[in-house]
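Following: one structure in structure tokens, then a few remarks.
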Amino acid sequence: MSFILHGLGVSGGIAIGRALLMSHATLEVSHLTIAPRMVDKEIDRFERAIAAVKAELATMKEATEHAPAELAAFIDLHAMFLDDPELVDVPKQLIRERRCNAEWALVQQMEHLVEQFEQFDDTYLKERKFDVVQVVERVVKELMGHPGRNLLRTAKGVKEENLVVVAHDLSPADVIAFKEHRFAAFITDVGGATSHTAILARSMAIPASVGLENARAVIRDGEQLIIDGTRGVVIVNPDIRILEEYQLRKNQLELERSKLKRLKSAKSQTIDGTEVQLQANIELPGDVPESLELGAEGIGLFRTEFLFLGRGDMPDEDEQFEAYRKVVKGMAGRPVTIRTFDLGGDKAIDENRTQTNPALGRRAIRLSLAEPKMFQTQLRAILRASKYGPVKLLIPMLAHAHEIDQTLAALEQAKSSLRGEKVSFDEKIEVGGMIEIPAAALAVGMFMRRLDFLSIGTNDLIQYTLAIDRMDEQVASLYDPLHPAVLMLIAHTIASAEKIDVPVSVCGELAGDPELTRLLLGMGLRIFSMHPTQILEVKSRVLKTDLTEVAPAVRKMLRLDEPAKLREALDKLNA
Ligand code: PEP
Ligand code: MG
């Protein structure tokens, strides 16, 4: 049965592959013995979980009113299982007779039912076992409070590059693990366009679509999928005609990409001769060869926190030093901008710790300043690496002058301890600040007085300016880089820095969007940092841009505050 799901395209390109569902790790439940007096309570807990999942399915059904009929059919089928005595009464007997926990009783009965379904000759009936598993998974999640982190299991028999990961949600830590794999694409039920999960997909140039809502529930392991990561569309079990059409588009896209490779050694400058630096954003030392291969003139943002996500402990100074040194040596004399940990927000150190509002909480520099030992360790490791090539230090999420002052004092302390140990480092290491909070953009003067350079983090700047959670698919359509307020803040930051010759770059996702290259150039931006995979496309725009025409057009454009007019002006600029 073929059907289409619509989500948010977050990483362009076309992928064709087989579905690999994130493992049912939630179904690996523990077996607990309960006290006789707790039996009724346990049964009650089980009944409440069933009722909650029924209600959840009913809501889902309402929400899919205009969706394909097949989707509603899936939901009906799942709801039907929840009325089946085999699935709801037998586990209750098990709880009573064996005095076991509800999760375990349910999974026991599920396994029994799956075995029965497997005995059917009829393929349709045989496949219903997947529905039983999915519905049980929902109930177990409900029983356990919240879904645990699923781990990828390896699929047997299919090459990784032909697999599409299908998940309810993926944390940045999950996706960073993909760097060691070569999946064709991934799709998730939740997520926004500039969540770190999406950013990682773009950095790996693997097509991805997020915010699909029910993908994990309606797609089965091994089904054929087409992912159009630009439009956010997922076609499940496509017919041969559609498959051929997409295969053709996929080949065309690959051809275009390979043609761009010719630009690798071309000097990055506009038609009128203005030089533009194109640098790379990286997450791991292993990203360096690709960055060089695609012509990066430096590292504009090394998101150090990704080195250590998902491992549960903090790396010591030597381990960090080795990682930083590897990048610095790998870039062979080109500048490397190392950002101190931007932990917290969607890059949680401790996934069990909840914050009321992580994006506004103790994140990034706030966390580093609150954990002086952790911060000293990182600063010392970065300073030690600065001996091996030009290193710049970048501080995320600054808003207050006193945060900058405290950071500089911490740096001084790290320097002085190294001096005491006679360890050499670059005494003149430059320190820059991310401009990613509207307050920082508006009061940029106090940053420029204290720091050597600025780097605009448009991902967070947009999130905080528009009050749009960058991870939330429900407000993703409101995440608008062309909002007049966003453009004003970016333009103001660039113009202020230009006036007093403070170097300024953009390292948020906007820098890698070729549709916005001319706009940013026209605002005066000369340093762009982006995923290496975007560099050549952006370079091709730079090479075709005449600033004598673009700069006055952008000045005019910035006087507009009607979104439709801004969009029209941008189209004209790009024509
Ligand atoms: C940004 O916010 O634009 C940025 C570059 O930092 P991150 O995406 O890591 O938050
Ligand atoms: Mg940021």
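In the range 527-546, is there at least one residue being more than 12 Å from ligand 1 (Cβ to nearest atom), in a helix (DSSP H, G or I) and of a type in the set (G, A, S)? Yes. Only one of the numbered conditions (1) more than 24 Å from S455 (Cα to Cα); (2) of a type in the set (D, E); (3) outside any loop (DSSP other than H, G, I, E, B) is not met by D561, and that is (3). Flag: G361 matches the condition of being surrounded by fewer than 16 Cβ atoms within 10 Å (Cβ to Cβ) and within 16 Å of ligand 1 (Cβ to nearest atom). With respect to the conditions (1) within 16 Å of ligand 2 (Cβ to nearest atom); (2) in a helix (DSSP H, G or I), L398 lacks only one, and its number is (2).
Quick grid of which residues meet (1) over 24 Å from G191 (Cβ atoms); (2) of a type outside the set (F, W, Y); (3) away from ligand 2 (no atom under 16 Å from the Cβ):
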site	(1), (2), (3)
A440	yes, yes, no
V444	yes, yes, yes
D452	yes, yes, yes
T465	no, yes, no
T493	yes, yes, no
E509	no, yes, no
G522	yes, yes, yes
L525	yes, yes, yes
S529	no, yes, no
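A residue that is away from ligand 2 (no atom under 14 Å from the Cβ), in contact with a helix residue (DSSP H, G or I) (Cβ under 9 Å, 6 or more places away or on another chain), part of a loop (DSSP other than H, G, I, E, B) and not assigned by TED's automatic domain parsing to the domain that holds D189 occurs nowhere in the range 408-417. Considering only the range 235-246, I want to know if a residue exists there that is in a strand (DSSP E or B), surrounded by fewer than 22 Cβ atoms within 10 Å (Cβ to Cβ) and in the same structural domain as E160 (by TED's automatic domain parsing). Looking for residues that are in a strand (DSSP E or B), surrounded by fewer than 22 Cβ atoms within 10 Å (Cβ to Cβ) and in the same structural domain as E160 (by TED's automatic domain parsing), one finds at least one in the range 235-246, hence yes. Condition check for V218 on (1) at positive phi; (2) surrounded by 16 or more Cβ atoms within 10 Å (Cβ to Cβ): one failure, at (1).
A332 fulfils the conditions (1) outside any loop (DSSP other than H, G, I, E, B); (2) more than 16 Å from ligand 1 (Cβ to nearest atom); (3) surrounded by fewer than 20 Cβ atoms within 10 Å (Cβ to Cβ) except for a single criterion, (1).
Looking at this structure, is E427 under 17 Å from T493 (Cβ atoms) and not hydrophobic (A, V, I, L, M, F, W, C)? So E427 fails the test. Residues that are out of contact with any strand residue (DSSP E or B) (no Cβ under 7 Å at 6 or more places or on another chain) and touching a residue at least 24 places away in the same chain (Cβ under 8 Å) were ranked within the range 499-512; the one that is surrounded by the most Cβ atoms within 10 Å (Cβ to Cβ) is L510.
Table: residues versus (1) farther than 28 Å from Q224 by Cα; (2) at pLDDT below 95.
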position: A15; (1), (2): no, no
position: L21; (1), (2): no, yes
position: R45; (1), (2): yes, yes
position: A49; (1), (2): yes, yes
position: P68; (1), (2): no, yes
position: L82; (1), (2): yes, yes
position: V90; (1), (2): yes, no
position: N101; (1), (2): yes, yes
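Could you look through the range 470-525, keep only residues that are more than 23 Å from the chain's Cα centre (by Cα) and of a type in the set (K, R), and pick out the one that is nearest to H168 (Cα to Cα)? Once the filter is applied, the top-ranked residue is R518.
Table: residues versus (1) within 16 Å of ligand 1 (Cβ to nearest atom); (2) surrounded by 23 or more Cβ atoms within 10 Å (Cβ to Cβ).
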{"site": "M448", "(1), (2)": "no, no"}
{"site": "S455", "(1), (2)": "yes, yes"}
{"site": "I462", "(1), (2)": "yes, yes"}
{"site": "L466", "(1), (2)": "yes, no"}
{"site": "R470", "(1), (2)": "yes, yes"}
{"site": "Q474", "(1), (2)": "no, no"}
{"site": "P484", "(1), (2)": "no, no"}
{"site": "H492", "(1), (2)": "no, no"}
{"site": "A495", "(1), (2)": "no, no"}
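What about L442, is it within 30 Å of the chain's Cα centre (by Cα), away from ligand 1 (no atom under 16 Å from the Cβ), over 26 Å from I299 (Cα atoms) and at pLDDT 95 or above? Spelling it out, L442 is indeed within 30 Å of the chain's Cα centre (by Cα), away from ligand 1 (no atom under 16 Å from the Cβ), over 26 Å from I299 (Cα atoms) and at pLDDT 95 or above.
The set of residues from the range 473-514 being outside any loop (DSSP other than H, G, I, E, B) and among the acidic types (D, E) comprises E473, E498, E509. Number of residues in the range 350-395 that are basic (K, R), within 14 Å of ligand 2 (Cβ to nearest atom) and in contact with a Leu (Cβ under 9 Å, 6 or more places away or on another chain): the value is 1.
Filtering the range 221-238 to residues that are at pLDDT below 95 and over 24 Å from the mean Cα position of the chain (by Cα) leaves G222, E223. Taking the residues in the range 191-204 that are hydrophobic (A, V, I, L, M, F, W, C) and touching a Pro at 6+ places or on another chain (Cβ under 9 Å) as candidates, determine which candidate is nearest to V233 (Cα to Cα). Filtering the range 191-204 for residues that are hydrophobic (A, V, I, L, M, F, W, C) and touching a Pro at 6+ places or on another chain (Cβ under 9 Å), the one nearest to V233 (Cα to Cα) comes out as A201.
Within the set K250, K264, the sole residue that is among the charged types (D, E, K, R) and either out of contact with any helix residue (DSSP H, G or I) (no Cβ under 9 Å at 6 or more places or on another chain) or buried (at least 18 other Cβ atoms within 10 Å of the Cβ) (or both) turns out to be K250.
The values are calculated or read from the model by the stated rules, or taken from the named source; none is laboratory data. Everything numeric in this text was worked out from a predicted model, so none of it was measured. Quick reminder, even Gly has a Cβ in these numbers, built from the backbone with ideal geometry, and neighbours come from all protein chains shown.
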